[in-house]
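Have a look at the structure below, then the notes.
The values are calculated or read from the model by the stated rules, or taken from the named source; none is laboratory data. Note that the structure is a prediction, hence the values are computed from the model and not measured. Backbone-built Cβ (ideal geometry, glycine too); neighbour counts: all protein chains shown.
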Amino acid sequence: MTENKPGHFKIHATDGNARRGTLTTAHGTIETPVYMPVGTQGSVKAVSPRDLRDIGSQIILGNTYHLYLRPGDELIARRGGLHKFSTWDRPILTDSGGFQVFSLESIRKISEQGVEFRSYIDGSKHFFSPEKVISIQKNIGSDIMMVLDECVGYGNDREYTDRSLEMTTRWARRCREAYPVGSGDQLMFGIVQGGFHKDLREKSLEQLAEIPFEGYAIGGLSVGEPIPDMYDILRHIAPKLPQDKPRYLMGVGTPLDILEGIADGVDMFDCVLPTRNARNGTLFTSMGKVNIKRAEYREDDSPLDPNCDCYTCRTFSKAYLRHLYTAKELLSYQLNSIHNLRFFLKLTEQARAAIETGTLADLIKRYQSVYPVPTR
């Protein structure tokens, strides 16, 4: 596959299991490892496309479930696709909506054909089949489409998890058949499930690897499990994913989670944590977390993080950021989100450089010194 053809993935350097690579898409080449800001409804909350470009965002996420319900994928298609509609000219990945549907346990029903669910907006009834979610993502026009899968929660028994991963494989095959290789410039990733059973994870991977996807994701983590359990599964399965394809860890994202994933060979990450925490006044810095609402910052004229190059840190003091937050000013959401997203983007930039120089272990130790090992 030529380097300028969507789907081309090249590894440029390694450090243990960690990989430094590039992935070509229809809207640009992505440097990996990469953090992807989450724009669930075609918008990264409180942050404009201009700001996203300024802080170095290479790719953002949209969500099939939410965009299907509002404003509707057909409306987006009539607007020329999500890139044109949202004025974002860089790559977009769309989740299939499976996680959102399956998290609404009381208002959905699963069958071999797909999932029947009710809208959280108006209670109307809808149905997602594997073919339907691919049709929706084609209308959205994302660069990377995800297959429909069942996300099994922590604590489900082995028998259910086994049946679920078998169905996920069948759904994945139907997704690929709905958009065969060579159909167009959109890429499609399969999703490895199997819960917290290592042999079932391997079974899921073995089945999915037989289907020609352009990338492979790890789903079903960060679903309420203890951190050691998540890391145990991640360390076991991530290095086993196809070496010549990008690897995506879905919805996992404290700074140490991302660094752990990178060390295990994962290339792509997303999480709502940076923007959600920003709106709650919790900010990530090179010295550790800052709770900007604390009274100690009331007259603190220093920048939030002197080691950060974002607009927020270059321009405003902690005192002003605290004032905005306590006054419930909307600008607080914007400035805090810009900073937190820049922190996560810079984290993966540093990881890429560390892999090239063989110093990833040193980078991880540096972050461990200011961010305690997370617990749930």
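What the table shows:
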read-out: Among the residues listed as S103, S48, the single one being among the polar types (S, T, N, Q) and at pLDDT 95 or above; value: S48
read-out: In the range 150-178, residue surrounded by the most Cβ atoms within 10 Å (Cβ to Cβ) [restricted to those that are assigned to a loop (DSSP other than H, G, I, E, B) and in contact with a helix residue (DSSP H, G or I) (Cβ under 6 Å, 6 or more places away or on another chain)]; value: V152
read-out: Enumeration of residues in the range 142-152 that are closer than 20 Å to V38 by Cα and touching a strand residue (DSSP E or B) at 6+ places or on another chain (Cβ under 8 Å); value: S142, D143, I144, M145, M146, V147, L148, D149
read-out: Tabulated pairs, the range 347-359, first free of Cβ contacts under 8 Å to residues at least 60 places away in the same chain and surrounded by fewer than 22 Cβ atoms within 10 Å (Cβ to Cβ), second of a type in the set (V, I, T) and not in a helix (DSSP H, G or I), C-beta under 9 angstrom, 6+ apart or interchain; value: A353/T359
read-out: Verdict on V181 being touching a residue at least 12 places away in the same chain (Cβ under 8 Å) and in a helix (DSSP H, G or I); value: no
read-out: 2 or more residues under 18 Å from the mean Cα position of the chain (by Cα) and buried (at least 19 other Cβ atoms within 10 Å of the Cβ): qualifying strands (runs of 3 or more DSSP E) within the range 1-113; value: 18-25, 28-32, 34-36, 60-63, 92-95
read-out: From S183, S222, S204, residue being of a type in the set (S, T, Y) and within 30 Å of I76 (Cα to Cα); value: S183
read-out: Residues (part of a helix (DSSP H, G or I) and either surrounded by fewer than 22 Cβ atoms within 10 Å (Cβ to Cβ) or modelled with pLDDT under 95 (or both)) located in the range 264-296; value: L273, R276, N277, R279, A295, E296
